[in-house]
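Written below as C-alpha cells is the structure these notes are about.
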Amino acid sequence: MPFEFDITVEIDRIQEQLSKLIEKVASSAWNVPPDREKLHPPVDVWETENALMMQIELPDIDSSTLKVYIHGGVLHVEGVKVSSYSAENNTLFHAFERRFGKFDVDIGIPCPVQIKRIAASFQDGIVEIIIPKIEERRKERCLVVVKIG
C-alpha cells in the first residue's frame, strides 16, 4: 500500500506551530526594558605561535565597568553596558536591537600560558586580550572553549 500524504494536515500543523511562535514573540519581546536582557557580545579567539589572542566587541561601554581575570584555567571578562534611555514608566519600544546590561564571557584556557603576563586593552569599543604561551610549549596548538552567558 503506497504512503499517503495529506498536505492539508501538514499545512494545519505548520500553521499551529507558527501561531504559537508568533504568540510567544509578541507576548515577551515587544516591551522588554533595556536593562533586563543579558548582553552577548561577539567574541573572536585565535592563537599564534606565541600567544592566545581574544577580541570582544563592546561599543559604547564604560571601560571602568570591565573586569578581566583568570581563575581556575578560565579567562573571565565581565562588565556592564548602560542604557542611554531613561527609565520612564509606560515606555513602549517599537524596535529594540541594541542590547544593554551585564555581560560575562568565559574562555577556557587549555594549554600552559603565562598568566602573570596577560595584557588587556580597550580601544574603539574592542577589548583585546593577549596571553603569552609558556615558551617551551609555543609550538603546540590549543583548543579554546568560549562560553558567553
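In this label model, Lys67 and Asp12 are separated by 5.6 nm, measuring between points 7 Å along each Cα→Cβ vector.
Put a dot 7 Å past the Cα of Asp60, heading toward its Cβ, do the same for Val43, and the two dots end up 2.3 nm apart. Legend: calculated FRET efficiency, Gln123 to Arg98, from the Cβ-Cβ distance at R0 = 30 Å, rounded to 0.05, equals 0.90.
Read the figures in this text as sums done on the coordinates, not as results from a lab. Not measured: the values here are computed from a predicted model. With ideal geometry, Cβ positions are generated from the backbone for all residues, glycine too; neighbour counts draw on all protein chains shown.
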